[in-house]
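Colleague: One structure, pasted below without further comment.
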There are 4 protein chains.
Amino acid sequence: MSTAPMTREQAIDELVWANRILVNENVLDGFGHVSVRDPERADRFLIARSIAPALVTAADVLGCDLDGTVHDAQERRTYMERFIHSEIYRARPDVLAVVHSHSPALIPFGVTGARLRPICHMSSFLGSLTPVFEIRLSGGESTDMLVRNAALGRALADTLGPHPVALMRGHGGVAVGVSLPQAVFRAIYTESNARLQAQAMALGAVEYLSAGESGAATETNNGQLDRPWQLWKQRLVEAGRAP
Amino acid sequence: MSTAPMTREQAIDELVWANRILVNENVLDGFGHVSVRDPERADRFLIARSIAPALVTAADVLGCDLDGTVHDAQERRTYMERFIHSEIYRARPDVLAVVHSHSPALIPFGVTGARLRPICHMSSFLGSLTPVFEIRLSGGESTDMLVRNAALGRALADTLGPHPVALMRGHGGVAVGVSLPQAVFRAIYTESNARLQAQAMALGAVEYLSAGESGAATETNNGQLDRPWQLWKQRLVEAGRAP
Amino acid sequence: MSTAPMTREQAIDELVWANRILVNENVLDGFGHVSVRDPERADRFLIARSIAPALVTAADVLGCDLDGTVHDAQERRTYMERFIHSEIYRARPDVLAVVHSHSPALIPFGVTGARLRPICHMSSFLGSLTPVFEIRLSGGESTDMLVRNAALGRALADTLGPHPVALMRGHGGVAVGVSLPQAVFRAIYTESNARLQAQAMALGAVEYLSAGESGAATETNNGQLDRPWQLWKQRLVEAGRAP
Amino acid sequence: MSTAPMTREQAIDELVWANRILVNENVLDGFGHVSVRDPERADRFLIARSIAPALVTAADVLGCDLDGTVHDAQERRTYMERFIHSEIYRARPDVLAVVHSHSPALIPFGVTGARLRPICHMSSFLGSLTPVFEIRLSGGESTDMLVRNAALGRALADTLGPHPVALMRGHGGVAVGVSLPQAVFRAIYTESNARLQAQAMALGAVEYLSAGESGAATETNNGQLDRPWQLWKQRLVEAGRAP
C-alpha cells in the first residue's frame, strides 16, 4: 500500500494521477481540486495552478504554504479556495492529502436534514457522523459560497474536526487522508455511499454499519487501497487520459 | 473570459463549438438549437440550418433577422422555432446568446408545481424564480407545442422577462447569456441543478441559496466561465468530435 | 423523410441500421427484435435470424410469413417470439415496422397501476392511452411470459389495437410505425417518456399533453423523423458500430 | 449453450472472460470475484489471485480447495473472501460457478426490509424469495463485514440454501450457477432487477411474476444463455478489453 511518497517528484506524479482519476471517476468536473502535503516540508502543500483538473500535468503543480501564499518561480496563481487545503493541513497534522469536490450525490445531503451514514463496508470510513459545513455561521448570509480566505478555511477545518469527510452546504465536500490513494478512495466511495443511501432511504428504514463494523472494515480497507488505485490508473490508460 | 467575439467569423467558430459541447454534455440531442447575436449587426443572429446540432460545421451557419427571416445566399432553411431566438434578442438587448433545449431533467419541473431553485453555487444564476412558459395561454389548447411564429416567441420572451432561464411546459427550456460560454454554462448547470434538486426533494426540505448568496456566487462564477468552456472543448477533442 | 423503402434490399439495409441504433440508444440489449414488412410482398416481413441485435448484418436477415413460418434458403431459425410481429402485421395493415424490446424504463409502468402518458412533445404519439398486455388473460397463470405462438400474438395485437405502443407486463413492450424510422423513433422516445414521467410523478401532480396537443405535435414530428434517424446513424459510425 | 467446460484450460479461459464481462457490465468494480469449479477435480475451484477483476488474465488464475487452501506452484495469494466460494461449493454440489459482487443496486435491498422479487422474465430465476445474509448472526456486532473464514462462509452458504442468489447486508451479494455463463447472467440480471424494482416500487404496488411464471421463464432462459454471453464478449472486444 502506498503511503506518503518519498520525494517531492513522486508526490507530484501521484498528484497528477489523482487529479485525472477523480475526473474519470466523476468526482471532479471543471472545478474542484486535490492537493498533497509536500513530503520535503510539512508546512507546504502541492496543488495545481488554477486549471481544470482533467488537464493537470506535472508542470502545472506549484507549492503553497499554510497561509495560502503561493511559492512559484513562474509566479502563477492557484485556486481561490486554496484555504480549504491550507487550513486543514494546519489543523490536522495527520492529513497528507485533501480533495475538494462538487461530487454530485453529496449536494442533496448537504442541503437537507438527511445525514450521510455508512451503508456498506466500502464506505465504512464515514463512521457515525459526517459533519456539514454551514458557511453562513462564519461568513454571513451573502457569501459567494467559496472558502476564499483563511478565516473561512479555519471554520471549515473546525467543522471537519477529526472526521475523514465533511459536506459543504450548497457547494460539495472535502475528503482527507494520510495519502493521496486514501483521500481519493474516500472521495470516490463517499459519492457512491450518498447515491446508494438515497436509494435505500426511498425503500424504507435503513440498517447502517454499526460503530464496531465501521471501525473494523476501515482497518481492513486501509490495507487494500492499492488495488482500486491501480485499477483507476488502468482505466485512465484505457481511456487515453493518462498523464 | 471570452465575451462577445470580435468578428462574425469568430462568432461562427464559437457557435460550432457551442453546438457540439451541448450535445456532448447531454443538453441537446437530435433536436434543440443555439444561436449567437451577429457581432457585426445587432439586428441579426447566427444559427445553424435545420440539422442535428452534433453535425453542425461553420458552413452550416446562416443569418436570421429579428422577424425570423433567414438571410442566406444559398437560400437554406433554419429551424421552425427560430422565433424563440428572434423574439428574445428583440426583447433583451443584453442577450448575446440563446440556447433552446429538451434538456431531460428540466421536463419534470416544467410539468409539475415544483419550482426550480438554486441548490448549489454553480447554478446560483437561477436566482429565486425560474418562470415556466405555458403555451396554452397564448397559443390555445391544441398547439403542436412549438414556438413556430413571432407571437408565440413574444409570449415566451415575456415569460422569460429579465431571467437567465425559462422552462417550457412539456417541451424543455431556454437559457440566455451575454456570451456563448455563459449561455452554455447556464444550460449545462440548469440541467445539473434540476437533477440534484429532484434528488434532494426526495430526502426532505431543501435549503436553497439565499438571494445574497445567489447574487454573490453568480458574480464570482461569471469571472470563471473560461475554465469549464476550455474543459468542454477538450472533452470534444478527446471524443473525436471537435469541429 | 424516409417512408417504406422501394426494394427489399433497401428495407434490409434499413433493418440492419435499426437493429444497431436500438442497441446503441439503449432500447435493445442481448434480447428484443425489430422487423419490417417486406416491401415486395405485404404478407411477409423481414427479421434477423435468432442472434443478438447488435450483431445483425444483412446476411442475417430472413423472411417470415404471417403464420410465423420462416422462408429461408438456408433453413435458419428466427426468434421464438416472431408471433409478436406476424400477428401485428396481420391485424394492422397500416403497420410497416415493429420493435419489441425489454426497454428498461417501461418495466415499472408495465407492473404497476401507473399509466404511461405523454409528458412532452417528443413523445406526443403516446396519446391518452397506452395499453398494457396481461399475458395471464390469454395464456394462463404459468406461461414463460413469451409470445411464443399465434394465439398469444393475436391477444397482444388485440391489446395494441390502433395504438402506436403497448407495454407487456413483466416483459417490455412493442412500438409500431409506418416505417422503420418511425417505429424506432417511437421506441426510443417511449423509453425517454417513461424515465421522465417517473421523475415527474415523484415531484407532484403532472400536467400531460392534452389530446389536441398530442395530435398536433405528432403530426409535426412525423415530418421530422429523418433528423434523429441521421443522428442515430452518425452515432453508430462514431462508435465504430456501423454495419 | 455452454455447460461445464471440458478441460481446466477451457474453464480458465471462460473465467477470464467472466471477470472482464462482470466489470464491463458494471457488476464488479475494483473488488468482487468470480470462480468456477475445477472441471478436473470437483473438490477444487479456480479463481484469480488477489487483483482487480478487470486485470485478470489466464496466468493469474490459481486453484483453491474447499478448505480455502490455495494450491499454486508460485505460492501466490487469492482473495481473503475465498471462503464464500469454498463453502458454497461444499454445500452445493450442483453449483459450478460463483460470483461475489458489490453490485450497486443490491445494496439498498440488503439494508432495508424491501425484498427482491422478479419484476420481469429476464430475472425470473429470483423466484419468490431472495435471502439476505446478516453477518451479525454468526460473526457478531463488530466484524469487518468480510467472509474471511470457513465459519462465516458456512453461514453464508446456509443463508443461500437452494437459492440462486443471496444478498449480503451492507456488502453486496452472491450469484451461483451450473456454469459461468449462468452465474454471470444471474449476477447481471439481479442488478437489473433491483434497479427496476426500486423504480417500480416508487410508482405503486408491484405485480411480480407468479411462481408458475418464474419457473417456466427460467426454464426458457436457461436454454438461451449463450446469446447474451456472446454479446457480452463482443462488447469487451469492441471496448478493447478482451483478454
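The values are calculated or read from the model by the stated rules, or taken from the named source; none is laboratory data. Quantities reported herein were computed from a predicted structural model and do not represent experimental measurements. Note that each Cβ is placed from the backbone with ideal geometry, even for glycine, and that neighbours are counted across all protein chains shown. Ligands, DNA and RNA are stripped out before the accessible areas are found, and what is left, the full protein with its side chains, is counted by its heavy atoms. Shrake-Rupley method; radii C 1.70, N 1.55, O 1.52, S 1.80 Å.
Colleague: Relative to the other copies, what are the label-point distances for D:Pro93, with labels 7 Å from Cα along the C-beta vector, expressed in nm at one decimal and sorted shortest first?
Modeller: Spelled out, the distances from D:Pro93's label point are 6.4, 6.4, 9.1 nm.
Colleague: What aspartates and glutamates does A:Lys233 reach when the alpha-carbon gap must be under 17 Å and sequence neighbours fewer than 8 apart in one chain are set aside?
Modeller: Straight-distance partners of A:Lys233: A:Asp13, A:Glu14, A:Glu25, D:Asp29.
Colleague: Local charge sum around B:Leu28 (other residues, Cβ-Cβ under 11 Å, Lys/Arg +1, Asp/Glu -1)?
Modeller: Local net charge: -2.
Colleague: In nm, give the distance between the simple-model label positions of D:Gln224 and B:His71, each being 7 Å from the Cα along the Cα-to-Cβ direction.
Modeller: 6.0
Colleague: Moving to a separate point now. In square angstrom and rounded to 100, what buried accessible area do you get between chains A and D, total over both, with the probe at 1.4 Å?
Modeller: Numbers: alone 11020 and 11000 Å², together 19480 Å².
Looking at A and D, the buried total is near 2500 Å².
Colleague: Okay, moving on. Relative contact order of chain A: what whole-number percent is it, with Cα pairs under 8 angstrom and at least 6 residues apart? Intermediate values should be presented prior to the final figure.
Modeller: Details: 456 pairs, mean separation 57.8, N = 243.
Once normalised by length, the contact order is 24 percent.
Colleague: Something else: Give me P(r) over the range A:1-137, computed from all C-alpha to C-alpha distances, binned every 5 Å, as integer percentages.
Modeller: Once binned at 5 Å, the Cα pair distances of the range A:1-137 give 2, 10, 18, 21, 20, 15, 9, 4, 1, 0.
Colleague: Moving to a separate point now. What distance in nm separates the simple spin-label points at D:Arg241 and B:Ala58, each placed 7 Å from Cα in the Cβ direction?
Modeller: A separation of 3.9 nm, rounded to one decimal place.
Colleague: Let me ask you something else. Buried by at least 30 Å² relative to the chain on its own: which residues of the range A:74-104 qualify, computing accessible area with a 1.4 Å probe on protein heavy atoms?
Modeller: Residues of the range A:74-104 that lose at least 30 Å² of accessible area once the other chains are added: A:Met80, A:His102.
Colleague: Take the solvent-accessible surface of the protein heavy atoms, probe 1.4 Å, and return the percent of it on chain D that carbon and sulfur atoms account for. Let's see the in-between values first.
Modeller: Values: 4200 of 8470 Å².
Heavy-atom surface of chain D belonging to carbon and sulfur, 1.4 Å probe: 50 percent.
Colleague: Please work out the FRET efficiency for the pair D:Leu137 and D:Asp43, using the Cβ-Cβ distance as r and a Förster radius of 30 Å; give the result to the nearest 0.05. Intermediate values should be presented prior to the final figure.
Modeller: Values: r = 28 Å, r/R0 = 0.94.
Computed FRET efficiency for D:Leu137 and D:Asp43 comes out at 0.60.
Colleague: Evaluate chain B: find the radius of gyration of its Cα atoms, find its Kirkwood radius, and give the ratio Rg to Rh. Provide the component values of the computation, followed by the final result.
Modeller: Details: Rg = 17.0 Å, Rh = 17.9 Å.
Radius of gyration over Kirkwood radius for chain B works out to 0.95.
Colleague: Going 7 Å from Cα along the Cα-Cβ axis for the label, what nanometre distances separate B:Ser142 from the same residue across the other copies?
Modeller: B:Ser142 label point versus its equivalents elsewhere: 5.3, 5.3, 7.5 nm.
Colleague: Now a separate question. For D:Thr69, what accessible area in Å² do you get when you roll a 1.4 Å probe over the heavy atoms of the protein chains, rounding to the nearest 10?
Modeller: The accessible area of D:Thr69 comes to roughly 70 Å².
Colleague: Placing a label point 7 Å from Cα toward Cβ, how far apart in nm is D:Ala205 from its equivalents in the other copies, listed shortest first to one decimal?
Modeller: Inter-copy label distances (nm, one decimal, shortest first): 2.4, 2.4, 3.4.
Colleague: Roughly how crowded by other chains is peptide D:144-151, in terms of the mean Cβ count from those chains within 10 Å of each of its Cβ atoms? Show your work: numbers first, answer last.
Modeller: Details: counts 13, 12, 5, 0, 1, 0, 0, 0.
Shielding by partners across D:144-151 averages 4.
Colleague: Local charge sum around B:Leu137 (other residues, Cβ-Cβ under 11 Å, Lys/Arg +1, Asp/Glu -1)?
Modeller: After counting each charged neighbour, the total is -1.
Colleague: Now a separate question. Specify, for chain D, the residue whose C-beta is closest to the rotation axis mapping it onto chain A, with the distance given in whole Å.
Modeller: Axis-proximal residue of D, distance in whole Å: D:Ala202, 4.
Colleague: With the calculation restricted to Cα positions, what are the radius of gyration and Dmax of the range C:123-243 in angstrom?
Modeller: In Å, with Rg to one decimal and Dmax whole: 16.6, 46.
Colleague: Let me know the whole percent of all Cα-Cα pairs from the protein assembly as shown that are separated by more than 38 Å.
Modeller: Details: 230861 of 471906 pairs.
For the protein assembly as shown, the fraction of Cα-Cα distances above 38 Å is 49 percent.
Colleague: Under the definition of Cα pairs under 8 Å and six or more residues apart, what whole-number percent is the relative contact order of the range A:35-146? Intermediate results must be reported in sequence, preceding the final value.
Modeller: Values: 115 pairs, mean separation 19.5, N = 112.
Computed value for the range A:35-146: 17 percent relative contact order.
Colleague: For chain D, what is the calculated [θ] at 222 nm in deg cm²/dmol (nearest 500), taking -39500 (n - 2.57) for each run of four or more DSSP H residues and dividing by its residue count?
Modeller: Details: 8 runs with 97 residues, N = 243.
Mean residue ellipticity, 222 nm, calculated: -12500 deg cm²/dmol.
Colleague: How far is it, in nm, from the label point at D:Ala211 to the one at A:Ala205 when both lie 7 Å from their Cα along the line to the Cβ?
Modeller: According to this spin-label approximation, the distance is 3.0 nm.
Colleague: Compute the signed sum of charges (Lys and Arg +1, Asp and Glu -1) over the other residues within less than 14 Å, Cβ to Cβ, of C:Ala155. Each step should come with its number before you reach the end.
Modeller: Numbers: positive: C:Arg90, C:Arg136, C:Arg148, C:Arg154, C:Arg169; negative: C:Glu81, C:Glu87, C:Glu134, C:Asp158.
Charge balance near C:Ala155 sits at +1.
Colleague: Using only the alpha-carbon atoms of the range A:102-188 as identical scatterers, what base-10 log of I(q)/I(0) does the Debye formula give at q = 0.19 Å⁻¹?
Modeller: With one equal scatterer per Cα and no solvent, log10 I(q)/I(0) is -0.86.
Colleague: Rounded to the nearest whole Å², what accessible area per residue is found for the range B:57-197 with the 1.4 Å probe? Walk me through the numbers before you get to the answer.
Modeller: Values: 4360 Å² over 141 residues.
Spelled out: the 1.4 Å probe surface of the range B:57-197, per residue, equals 31 Å².
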